[in-house]
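First comes the structure, then the notes that go with it.
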Amino acid sequence: MSKKSVFLDVDSSLLEKRLLVEPTDEEEIETLFPELREAANAVPWKYVQPLPGMCVKTKTSEGDKVFVNICHTEEIPKPADVTEDELMAIWNSDEAPSYRLPLSMGEPRDVEDKSGKPAKAFDVAINTEFFKKVSTNKVFRNFLLLVVMEGLEDKYKMQIDTVEYTILKNRKAIGTLQKHRIEQRPPKKGPLIQEIGNKTPEVQKQPEKKKDISDDRLPTPSSVSKGNTVSGSREPEYRIVREPADGEPQLLIATFVLPDVLSAREIALDVGEDRIVFESRKRNYLLDIFIPYTVDQEKTIAEFEPSSKVLTLKMPVTTAT
């Protein structure tokens, strides 16, 4: 298999802020002086010891041996559940899709191979449930390993052989796995955007008992267009309606009119509990708005209709903020 760049939107906040590997001596110091922990990070967090999973042996461009310990823990969020076809579409896409693979990359450490020669080892932790899928599905396993190795290359400015590597049969890890420091907050989530056939978009045909964005507490385009866009970018036309029209809403429906977007692959969409971030770098779109309701991220559905150029986002409401 030839080397191929993977365009994957890995959650950098998890890589660089939430899941940092900490040496044991620092953990002991913070136990003696808890005020240091509070000063260093106001967000609650804890140390987690991941479990061994599988060990991958490869080498750098200089011929130095490298071991990658794929370990796992339930404390790391699992990625969105996708099919093999959806994964292959992500793999072959020329655009960064709204798919995130939460993982934690540890610092390199010195180890010895079975012959006593020096080598480098990296611990990479993923969600336990996702590891089970990786263990039994070759497509997901190859995808994960390619992402991990290219991630290591990017983070540590090194070149790793991503083609000629070996998964050790009798070793789940090389050396002692390090602990990971995990912040206790939910990660950003973005729904996969499904392309659908011809249908009448919500922006053109609305049921009579829906309220427009100008009503109640929902944001209006004019209230966010100046403060929440980056200089040089443009804001897509959009509207948000609520269901039902009276009483507490159960569903928010956002529609984005995107006349020059050709495919869902050109769209990146993040939906937080009370925030929507829409971006299309290829078309220079950017929108970042807050909504006065808490929505269910897991049940949010995003659909893009290519013929009408409309993206529809359906967000079940849990509570008002």
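Filter the cross-link list 46/120; 57/299; 78/120; 157/299; 133/179; 78/172 down to pairs whose alpha-carbon distance in this structure exceeds 30 Å.
In this structure, 57/299; 157/299 exceed 30 Å between Cα atoms.
Mind giving me the FRET efficiency for residue 61 and residue 275? R0 is 45 Å, r the Cβ-Cβ distance, nearest 0.05 is fine.
Numbers: r = 42 Å, r/R0 = 0.93.
Efficiency for this residue pair is about 0.60.
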Residue-ordered couplings for segment 142-148, obtained by feeding phi - 60° into the Karplus form 6.51 cos²θ - 1.76 cosθ + 1.60 and rounding to whole Hz (Gly and Pro as x), are 4, 5, 4, 5, 5, 5, 4
Once amide hydrogens are built 1.01 Å from N within the peptide plane, the residues lying 5 or more places from residue 293 or on another chain with amide H under 5 Å from its amide H are 321
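Read the figures in this text as sums done on the coordinates, not as results from a lab. The model shown is predicted, which means the values in this text are computed figures rather than measured ones. Cβ atoms come from the backbone with ideal geometry, glycine included; neighbour counts cover every protein chain shown.
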